1. Considering every residue within region 115-127, establish whether at least one is touching a strand residue (DSSP E or B) at 6+ places or on another chain (Cβ under 6 Å), at pLDDT below 95, surrounded by fewer than 11 Cβ atoms within 10 Å (Cβ to Cβ) and assigned to a loop (DSSP other than H, G, I, E, B).
2. If residue 226 satisfies every condition in (1) open to solvent by less than 40 Å² (accessible area, probe 1.4 Å); (2) touching a Phe, Trp or Tyr at 6+ places or on another chain (Cβ under 7 Å) but one, which is the exception?
3. Take region 170-190 and flag every residue that is more than 24 Å from residue 96 (Cα to Cα) and either buried (at least 17 other Cβ atoms within 10 Å of the Cβ) or of a type in the set (D, E, K, R) (or both).
4. Within region 161-176, can one find any residue that is farther than 19 Å from residue 29 by Cα and out of contact with any strand residue (DSSP E or B) (no Cβ under 6 Å at 6 or more places or on another chain)?
5. Any residue at all in region 150-157 that is in a loop (DSSP other than H, G, I, E, B), of a type in the set (Phe, Trp, Tyr), touching a residue at least 60 places away in the same chain (Cβ under 8 Å) and over 18 Å from residue 15 (Cα atoms)?
6. What single numbered condition from (1) among the β-branched types (Val, Ile, Thr); (2) buried (at least 19 other Cβ atoms within 10 Å of the Cβ); (3) touching a Gly at 6+ places or on another chain (Cβ under 9 Å) fails to hold for residue 167?
7. Just a yes or no: is a residue in region 139-156 touching a helix residue (DSSP H, G or I) at 6+ places or on another chain (Cβ under 6 Å), surrounded by 14 or more Cβ atoms within 10 Å (Cβ to Cβ), closer than 30 Å to residue 209 by Cβ and hydrophobic (A, V, I, L, M, F, W, C)?
Amino acid sequence: MSTVYEMDYRVNSRDVDLFNQCRPSAVLGFLQEAATQAALALGVSGPQIKEKYNCLWMVTRNWMELDTPLRWNDLIHIKTWHRGASGASSYRDFDLFRDGRPVGQGASVWVMVDAHERKLFRMKNLTEFQGTDGGALNKSIKLRRPAMPEAFGARVRRDLGYSDTDINGHVNNAHYADFACDSLHLERLCRGKFVRSFQIGYVSECQAGETIFVDTAACGDELFARGEGEDGDERFDFTLTLAGLPENI
């Protein structure tokens, strides 16, 4: 049985930037909400797996591709499903539509970890996923760590606080996109362009009270960012591709 969850999301004024384009962090925000509601419908939401398996959901990598920018007041229809469970991780796929036409797609990789020891849970033991994947809808894309520049340029300091955190007590995955886009100065680079695609890899948890340093680099319309803690350990990687605005925009 294929289980596809569908929901509508109206892009609001808090989601868009100075160019009236939906920020990457906002896109991640409503995809995260779709994933949360889909998990709830399957009986594997955060509270449900905490109670049954003593585990937490964690996303390890997010990827998003848009054919056109999303604007304020756009009504976006989201379809999402999981690809089943293999080993210690599971993919969740997304398709986005506006006025009945596809405008983007995405994928994310999720793991379950023990709530206390942070050890990985073997997903083959997640009975709720058996027979409920997307079937023929499953995407073929595999998310892997991207090739990063040998050298980075500017470095930006970021102090993490209360507003960055989520229900799991660590920095919410969508906020990393803001850290990277701020450090890359998209307020300059995005003029006359839009974010065609981006990918974030979450290497190590960040928490309120910590300080991270974001290194950035650019090669034409290919942008890169890397976050490190004060101890020098990598916390996240980020890649983003800009494209010219479509003619009908």
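1. No, region 115-127 contains no residue that is touching a strand residue (DSSP E or B) at 6+ places or on another chain (Cβ under 6 Å), at pLDDT below 95, surrounded by fewer than 11 Cβ atoms within 10 Å (Cβ to Cβ) and assigned to a loop (DSSP other than H, G, I, E, B).
2. (1)
3. Applying the first criterion (more than 24 Å from residue 96 (Cα to Cα)) to region 170-190 yields 170-171, 179, 182-185, 187-189.
170, 171, 179, 182, 183, 184, 187, 188, listed by residue number.
4. Applying the first criterion (farther than 19 Å from residue 29 by Cα) to region 161-176 yields none.
No, that holds for no residue.
5. Step one: of region 150-157, the residues in a loop (DSSP other than H, G, I, E, B) are 150-154.
Adding the requirement that they be of a type in the set (Phe, Trp, Tyr) leaves 152.
From what's left, touching a residue at least 60 places away in the same chain (Cβ under 8 Å): 152.
Now drop any that are not over 18 Å from residue 15 (Cα atoms), which leaves 152.
Yes; the residues of region 150-157 include at least one that is in a loop (DSSP other than H, G, I, E, B), of a type in the set (Phe, Trp, Tyr), touching a residue at least 60 places away in the same chain (Cβ under 8 Å) and over 18 Å from residue 15 (Cα atoms).
6. (2)
7. Let us first name the residues in region 139-156 that are touching a helix residue (DSSP H, G or I) at 6+ places or on another chain (Cβ under 6 Å), namely 156.
Of the ones still in play, those that are also surrounded by 14 or more Cβ atoms within 10 Å (Cβ to Cβ) are 156.
Right, trim to closer than 30 Å to residue 209 by Cβ and you get 156.
From what's left, hydrophobic (A, V, I, L, M, F, W, C): 156.
Yes, region 139-156 has at least one match.
Here's the yes/no breakdown for (1) part of a strand (DSSP E or B); (2) of a type in the set (Gly, Ala, Ser); (3) in contact with a helix residue (DSSP H, G or I) (Cβ under 9 Å, 6 or more places away or on another chain); (4) modelled with pLDDT under 95:
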residue: 167; (1), (2), (3), (4): no, no, yes, yes
residue: 183; (1), (2), (3), (4): no, yes, no, no
residue: 199; (1), (2), (3), (4): yes, no, no, no
residue: 205; (1), (2), (3), (4): no, no, no, yes
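The values are calculated or read from the model by the stated rules, or taken from the named source; none is laboratory data. Keep in mind the model is a prediction, meaning the values are calculated, not measured. Positions of Cβ are generated from backbone atoms using ideal geometry, with glycine treated the same way; all protein chains shown enter the neighbour counts. Accessible surface is based on the protein model in full, side chains and every heavy atom, while ligands, DNA and RNA are left aside. Shrake-Rupley method; radii C 1.70, N 1.55, O 1.52, S 1.80 Å.
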